[in-house]
Amino acid sequence: MAGPTEEHPKAPLRPVPPLPRRLLALGPIVYLGTGVWFLAAIVLLIARYGFDRTPPIWLWTALSGAALGIVGALVMLWQRRAANRGSRGAQKLD
């Protein structure tokens, strides 16, 4: 079955609609995910050193997830500050 561009190669393409604002807001996702990783790290710390119940790789995985979440939040803050000051290379969300 031929697609629309194969049938009519000169047909104009429809513009892509903009995403809703709530789908562009990555802050809540990053902050919530980082918080969940920190909570998991605390639970695993207690389970590991209080009861010796979990393998150490789980604790390191949770700590790595929390650290990467902090890095992601810092990158978002850096990009927002660059956009606010009008930097030419800043990513801007409209």
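Provide the per-residue ³J(HN,Hα) series for region 73-82, in order, calculated from phi with Karplus coefficients 6.51, -1.76, 1.60 and θ = phi - 60°, each as a whole number of Hz, with x at glycine and proline positions.
Per residue, the Karplus-derived 3J(HN,Hα) values read 5, 5, 5, 4, 5, 4, 5, 5, 5, 5 Hz.
Can you list residues whose amide H is under 5 Å from Thr54's amide H, if they're 5+ apart or on another chain and H is modeled 1.01 Å from N?
Arg48
May I ask you to derive the relative contact order of the chain, considering only C-alpha pairs under 8 Å and at least 6 residues apart, and to give it as an integer percent?
26
Once both axes come from the Cα atoms, what is the angle between helix 27-45 and the longest principal axis of the chain, in degrees from 0 to 90, rounded to 10?
20
Modelling each spin label as a point 7 Å along the Cα-to-Cβ direction, I'd like the Val36/Val75 distance in nm, to one decimal.
About 1.9 nm, to one decimal.
I need the phi-derived Karplus couplings for region 56-64: 6.51 cos²θ - 1.76 cosθ + 1.60, θ = phi - 60°, integer Hz, Gly and Pro marked x.
So the Karplus estimates, Gly and Pro as x, are x, 5, 5, 5, 5, 5, 5, 5, 5 Hz.
How far apart, in nm, are the 7 Å Cα→Cβ label points at Arg48 and Arg88?
4.7
Just so you know, all these numbers are worked out from the coordinates, no wet-lab data involved. Just so it is clear, the model here is predicted, and its values are computed rather than measured. A quick note on method: Cβ atoms are made from the backbone with ideal geometry, for glycine too, and the neighbour counts reach across all protein chains shown.
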